[in-house]
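Structure record follows, encoded as structure tokens.
The values are calculated or read from the model by the stated rules, or taken from the named source; none is laboratory data. What you see is a predicted model, and the numbers here were worked out from it, not measured in a lab. Neighbour counts run over all protein chains shown; Cβ positions are idealised from the backbone, glycine included.
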Amino acid sequence: MSATIAINDVEIAHLKLSYAHTRIRRPRQILELSESLLRCGQLLPIVVVAEDAGFVLIDGYQRVEAARRAGLDSLQAQIWPSRAPDAVCQLLASDGARQFDVWEQAALLRELKLTHRLSQNEIALRMGRHPSWVSRRLMLIEQLPASAMEAVRAGWLSTWSASRVLVPLARANPQHAQALVAAVKNNALSSRQLLGFWQHYQKANRAVRQKMAAEPELFFKSLAARQAETPEGRWCRDLRSVEHILLRLVKTAEELLSPECSLLEKRSLLSPFNDASRVFELLKRTLRRCAHEKLIRPTGRDRHEPGRPEHPKDQPHSEDLAQDHPAHPVRKSPHRGQKAKPV
């Protein structure tokens, strides 16, 4: 097939975006691709198949959107001489540089099953995969609510959160899953926060679950407030504050320590930096010492190593065992170098 692949310029207006709903939108990457197209040109061709006086786009949806943003009318494309379902199977089975997200794999497999009427065994056979691999991917997307699927496609919800939080929550209560998806849409929630919601949800009773689903934002605010009052929360908050301060100092260092700055002014600026550096080195030494003490603490396995001189305090010595428990009168212990006699 590789000998018959043609590479030509294809107008974007003639492309059929039949699989656009199976891709996750990444606005930041599209913006970077648009700038790269204007600065360096197209580096990788898109993949299309000819169909009904047009071309069906198989791979390169972000490149097409970036080209539209950049004002381009055409792109270089690989024209595969196969039908669309065969091209999708080959694209999913390839182990090249194109790595699909798990949700994108599941969405394409669902498209092969529903639109192109291919069975799971046939899809697995064309891709060289086990049918269980296809089944697991399809199960991921079939158990997601429609609102959660749209959130994943729009980039509001990560695939990890969808599979680890939304899928089990939808099994337990679909309405509560939809309420959590609405909270994700209105607020920038991390995967850690969503996992914390699911963990608290599993331990809560029915009344608390109803309150959590009715006002997810209130739950996240109360959880953040409780975590901020703990020593661990204060530690993380202080470190984040220090991080932001250091980043601000990095930006202003070039302005303050310019070549026009006199030696006396530089010394006055570097003096507090040296004081802060000494405190930071003290913190680093403290962290190393605490971590080192934890690592060298003997474990249960270390106590019983053959070369260790200490004897475990909770076990008697071998001489005491011999005095308290003498050998059996019939089954005598064999001497060294002699074989034991059968009883």
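Laid out as a table, the results:
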quantity	calculated
Among residues of region 183-220, those that are basic (Lys, Arg) and either under 15 Å from SER158 (Cα atoms) or surrounded by 11 or more Cβ atoms within 10 Å (Cβ to Cβ) (or both), counted	4
All positions within region 18-57 that are part of a loop (DSSP other than H, G, I, E, B) and touching a strand residue (DSSP E or B) at 6+ places or on another chain (Cβ under 9 Å)	SER18, TYR19, GLN42, LEU44, PRO45, ASP52
Hits in region 30-64 (condition: free of Cβ contacts under 8 Å to residues at least 40 places away in the same chain and closer than 23 Å to LEU109 by Cβ)	ILE46, VAL48, VAL49, GLU51, ILE58, ASP59, GLY60, GLN62, ARG63
Selected residue [surrounded by 14 or more Cβ atoms within 10 Å (Cβ to Cβ), basic (Lys, Arg) and at pLDDT 85 or above] from ARG171, ARG153	ARG153
3 or more residues more than 22 Å from the chain's Cα centre (by Cα) and among the charged types (D, E, K, R): qualifying helices (runs of 4 or more DSSP H) within region 155-266	206-214, 216-229, 231-256
Number of the condition not met by GLN99 [criteria: (1) of a type outside the set (D, E, K, R); (2) assigned to a loop (DSSP other than H, G, I, E, B); (3) surrounded by 14 or more Cβ atoms within 10 Å (Cβ to Cβ)]	(3)
Search result, residues across region 156-185 that are under 16 Å from ALA106 (Cβ atoms) and in contact with a Lys or Arg (Cβ under 9 Å, 6 or more places away or on another chain)	LEU157
